């Protein structure tokens, strides 16, 4: 920049401006030079730069090319995957302490090369503090050490693909990679544009730390479709994604039907509330707002909510503090910012700006848009760049309500000196992380678990380890090739009405009702289906439920679920015990229904009911035992990690062990505070229908559990298309799994998919009779989301 | 203005957030070269060059006054093209008994540099109100144009804000036209909330400056406590439109620290507070270190202390 050297001491003495500080990138540049500014994908512990591949350029903030990277082709993805297979074999055969040792050494290597790591991250416009990465490595070292001690009946998933979008940070990337490694998986990283260089450097550094070749692989490319190619590879066992919603959604849809479990965190697209109550230390709150709102690179979007009584004070302080602020460089499209700001002004928003925006270019002044309403476009989808919308609210309750009224649920920052208000608000906010009197505190000990559109996976903490593990004895989803499905018409085929042959008029089959909203009902359509016995005779008629029945059930469920969740765990426990007692009373009747339906002996059926009674008691006992914990952070303060109910869970039940499986799933969901809408298996609905009378006599609130019978595909479609349902547990066809993976990408749901095809059943499927602790652990962890609350203290 | 107890009662300070902010400010780097030189000169012009010792005599007070009027070697200033631009410290600060000596020395040197005096039972403030008031009047009569008073910590710690307000108000009247700097002795106030409240009460009672400490307590000027006081100043400015100055004192010795203080003022209050009208540094040995750093900027060498004129 010309002009700087001509500034005299006297000039500066007069206007007291800050000089521009220049950072040097010599170490990072040296590393790039050493690799001739050309890097390939990383597999088998080496860089591969095959000739005749397309290359893409990585640029720094001045748009200068700093490195070219190979775009991997299909055969490259295959060789990375086979490298990972070999890596997984070596890595999973090591003992826990051997893996821990490698991770501890990698923390050391990160420390030694922290200068290079920090410079390279900054250079690739993804600034990261090396200290945070070292903390990650140290934190997961101890989990690697303790895996078999604390989670003895769990095994690693195998090869984990970690895919991130272009705007994802290196920290978020490692927050998935390191726990995957610590649990004994091999990892294939598919980095985004700004994380590709740091990911390649880290892969090399981990080799230096002694990680076996093939355990950590990086496959590079410029297109988002690379993630899909990795997902399609049959060696991969699990895929987890972090970053923007758009890229993630495309990936989810394109990879649906591969038989690959996938989870997503859409942190960078999330809009988070920053709530300032009147009881706050306003100056500190304003400091926080300025710090998080006008960063060069934001981890998520923020909206400022200020209590009306202190709005003027907050605005005055913002104005004063922002007056001296310089324009912020931003990668965002300038037109987007201009349109958003002008749009807000047209709706009557008042601007606080340190200076008018320069006519063009990448610089934009920090801007606060005052006087917006939740309906404004800039609030629904905040503009990129240093722009912060401000909304007022009247009471603290309204503040929480406004903050919750959003499709996002990543995090919230609340500011108050009133401890009771802080804890109450933290409890009521439907977000994964609540930061009290601070913001954006990231630590691996605090679980990050987005709600609603912000994600369907938990990262960090012990809670976040389970995504990289599976109970040792449970079968995995079989890999499959996606088939062509018309997603809109899934399940809409006309019901196959079975006109039974050899109808015997002397024994009139019984007509069953389904349970919707706590009442016995016919199907909304009025139609019924005939239920066939093991010999093909018509045993009964059950309602042919459909979309409207699901809708009615969900509406009833959301009315009672919050009350159920607010009940004390001890009360929930008593209700479940009484349900178990009622089942005991109807034991013979239920056993008979199992016998009639499935054709097994009465003795065997009775055994299933007996086991179901004890399973319900298990869940009753667990209600007030699974209470989260207190994570320890390096900073001083108090942290909480608590499980919360998902809301309404849709369950498409398996046909094996019809009562035991129903009771196990219902128990888990209801014990943790959820409402359930259950669809009994098409083949064996009678036991579930018989169970309705047990439910009806219980003191569970009516509507908490609904049981709807009918065409499985039709009902699955209905469950998938109701946004209130936060999670679907599915036992059914491969096509059903594919449909759910596709249609539950937006709006996002938590999926737990099981393929109930013939061959799988022969292999045993899930063993419902097993009392393995990991099975119950898996179930209740599926039934909750985590909330972390961080209250720093001095 | 009148005492507004409702305002005082509403004060809330979150300690950890303040500590974090203070750390953030300390992490902010001022650029090198001429920026550093210019900022250091600015710090120099904000110094209240102080001697507050039992063994002060007319001769060392005289030396202090001369150093204050010519704080830096002329050749160093000239090489930066800053000579003849009135580079002096902001004031000299002495005990009441030495005010007349200082006034005499400065008059003899044809300098209009203000003389500041500590007063009101400095440093403990544990003398009767009557003698404290008299002390102020005498110092003003002797020619001090700035009076650094200490507040009664007993009143602040027991929450007698109205009584504290009345005392300061009386000092204000005793000061007459002289500027009044109110020393809060933050090291003895216990909590940040108390510091904030004491700052507000002092400003309501008409202080021109609020000052952190006497330099005689065990805890002196720290950045977190300064963040709290400076926020009180901002709060007062936003409510009344009146700009009150800030003076950290005690334990400020290095040039680097003086840069952090300037950064703190610029970040929290803006450029208006970056001059001696609204910002003072109470220090004695800081000047020597600033001179050393400037010497290094000009010559590229570090001087021995004997190469720079002593105070």
Fill in the blank from the handout: With criteria (1) in contact with a strand residue (DSSP E or B) (Cβ under 8 Å, 6 or more places away or on another chain); (2) over 23 Å from residue A:476 (Cα atoms); (3) surrounded by fewer than 24 Cβ atoms within 10 Å (Cβ to Cβ), residue A:237 comes up short on (2)
Problem - Set B:154, B:120, B:145, B:131: member being more than 15 Å from residue B:206 (Cα to Cα) and over 23 Å from the mean Cα position of the chain (by Cα) - result: B:131
Handout entry: Candidate set: region A:507-560, residues that are farther than 27 Å from residue A:675 by Cβ and not in a strand (DSSP E or B); chosen: the one modelled with the lowest pLDDT
Key = A:507
Exercise for the section: State whether the residues of region B:198-208 include one that is under 21 Å from the mean Cα position of the chain (by Cα), within 14 Å of another protein chain (Cβ to nearest Cβ) and on the phi < 0 side of the Ramachandran plot. Expected result: yes
Problem - residue A:280, sole failed condition from (1) touching a helix residue (DSSP H, G or I) at 6+ places or on another chain (Cβ under 7 Å); (2) under 26 Å from residue B:270 (Cβ atoms); (3) buried (at least 24 other Cβ atoms within 10 Å of the Cβ) - result: (1)
Handout entry: Number of positions in region A:614-646 that are within 24 Å of residue A:717 (Cα to Cα) and in contact with a helix residue (DSSP H, G or I) (Cβ under 6 Å, 6 or more places away or on another chain)
Key = 1
Fill in the blank from the handout: When region B:68-99 is checked residue by residue, the ones that are in a helix (DSSP H, G or I) and either touching a helix residue (DSSP H, G or I) at 6+ places or on another chain (Cβ under 6 Å) or crowded, with 21+ Cβ neighbours inside 10 Å (or both) are B:68, B:76, B:79, B:96, B:98, B:99
Practice task
Say whether the condition of being outside any helix (DSSP H, G or I), surrounded by 15 or more Cβ atoms within 10 Å (Cβ to Cβ) and at positive phi is met by at least one residue in region A:92-100.
Solution key: no
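For every residue, the table says whether it meets (1) within 14 Å of another protein chain (Cβ to nearest Cβ); (2) closer than 24 Å to residue B:287 by Cβ.
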residue: B:240; (1), (2): yes, no
residue: B:246; (1), (2): no, yes
residue: B:251; (1), (2): no, yes
residue: B:260; (1), (2): yes, yes
residue: B:266; (1), (2): yes, yes
residue: B:270; (1), (2): yes, no
Problem - Residue within region A:286-293 that is away from chain B (no Cβ under 14 Å) and buried (at least 22 other Cβ atoms within 10 Å of the Cβ) present - result: yes
Problem - Of residues in region A:317-327 being surrounded by fewer than 18 Cβ atoms within 10 Å (Cβ to Cβ) and not in a loop (DSSP other than H, G, I, E, B), the one farthest from the other protein chains (Cβ to nearest Cβ) - result: A:319
Practice task
Would you tally the residues in region A:211-234 being farther than 27 Å from residue A:68 by Cα and at pLDDT 95 or above?
Solution key: 0
Practice task
Name the single residue, out of those in region B:272-286 being touching a helix residue (DSSP H, G or I) at 6+ places or on another chain (Cβ under 7 Å) and within 15 Å of residue B:71 (Cβ to Cβ), that is farthest from the other protein chains (Cβ to nearest Cβ).
Solution key: B:286
Practice task
Give A:444, A:382 a once-over and let me know the one that is under 14 Å from residue A:303 (Cα atoms) and assigned to a loop (DSSP other than H, G, I, E, B).
Solution key: A:382
Practice task
Test residue A:242 against the criterion of being farther than 30 Å from residue B:8 by Cα and either buried (at least 24 other Cβ atoms within 10 Å of the Cβ) or outside the structural domain of residue A:196 (by TED's automatic domain parsing) (or both), and give yes or no.
Solution key: yes
Practice task
Take the residues in region B:261-300 that are more than 30 Å from residue A:320 (Cα to Cα) and without any contact (Cβ under 8 Å) to a residue 12 or more places away in the chain, then tell me which one is surrounded by the fewest Cβ atoms within 10 Å (Cβ to Cβ).
Solution key: B:300
Handout entry: Test for residue B:132: is it in a helix (DSSP H, G or I), within 28 Å of residue B:17 (Cα to Cα) and touching a helix residue (DSSP H, G or I) at 6+ places or on another chain (Cβ under 9 Å)
Key = no
Exercise for the section: Would you confirm whether any residue within region B:80-100 is within 14 Å of chain A (Cβ to nearest Cβ), closer than 22 Å to residue B:257 by Cα and free of Cβ contacts under 8 Å to residues at least 24 places away in the same chain? Expected result: no
Practice task
Would you confirm whether any residue within region B:292-299 is within 14 Å of chain A (Cβ to nearest Cβ) and in a loop (DSSP other than H, G, I, E, B)?
Solution key: no
Completion exercise
Picking from A:312, A:299, A:338, the residue that is facing chain B (nearest Cβ under 10 Å), outside any strand (DSSP E or B) and either buried (at least 24 other Cβ atoms within 10 Å of the Cβ) or out of contact with any helix residue (DSSP H, G or I) (no Cβ under 6 Å at 6 or more places or on another chain) (or both) would be A:312
Practice task
Would you please name the residue that is surrounded by the most Cβ atoms within 10 Å (Cβ to Cβ), looking only at residues in region A:2-56 that are within 9 Å of chain B (Cβ to nearest Cβ), in a helix (DSSP H, G or I) and touching a helix residue (DSSP H, G or I) at 6+ places or on another chain (Cβ under 6 Å)?
Solution key: A:9
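So that you can scan it fast, the table gives a plain yes or no per residue for (1) closer than 24 Å to residue B:95 by Cα; (2) touching a strand residue (DSSP E or B) at 6+ places or on another chain (Cβ under 7 Å); (3) surrounded by 24 or more Cβ atoms within 10 Å (Cβ to Cβ):
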{"position": "B:132", "(1), (2), (3)": "yes, no, no"}
{"position": "B:149", "(1), (2), (3)": "yes, yes, yes"}
{"position": "B:153", "(1), (2), (3)": "yes, no, no"}
{"position": "B:167", "(1), (2), (3)": "yes, no, no"}
{"position": "B:182", "(1), (2), (3)": "yes, yes, yes"}
{"position": "B:191", "(1), (2), (3)": "no, no, no"}
{"position": "B:194", "(1), (2), (3)": "no, no, no"}
{"position": "B:203", "(1), (2), (3)": "yes, yes, yes"}
{"position": "B:220", "(1), (2), (3)": "yes, no, no"}
Exercise for the section: Could you grab me the full set of residues in region B:238-260 that are in a helix (DSSP H, G or I) and either free of Cβ contacts under 8 Å to residues at least 12 places away in the same chain or crowded, with 23+ Cβ neighbours inside 10 Å (or both)? Expected result: B:238, B:256, B:258
Practice task
Kindly indicate the residue of region A:690-711 that is touching a strand residue (DSSP E or B) at 6+ places or on another chain (Cβ under 6 Å) and outside any loop (DSSP other than H, G, I, E, B) and also farthest from residue A:487 (Cα to Cα) among those meeting that condition.
Solution key: A:695
Problem - All positions within region B:53-67 that are touching a helix residue (DSSP H, G or I) at 6+ places or on another chain (Cβ under 8 Å) and part of a helix (DSSP H, G or I) - result: B:58, B:61, B:62, B:64, B:65, B:66, B:67
Exercise for the section: Go through (1) surrounded by fewer than 17 Cβ atoms within 10 Å (Cβ to Cβ); (2) touching a residue at least 12 places away in the same chain (Cβ under 8 Å); (3) over 26 Å from residue A:674 (Cβ atoms) one by one and return the number of the condition residue A:563 breaks. Expected result: (3)
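The values are calculated or read from the model by the stated rules, or taken from the named source; none is laboratory data. Quick caveat: nothing in here was measured; it's all calculated off a predicted structure. Cβ coordinates were reconstructed from backbone atoms using ideal geometry, including for glycine residues, and neighbour counts include every protein chain displayed.
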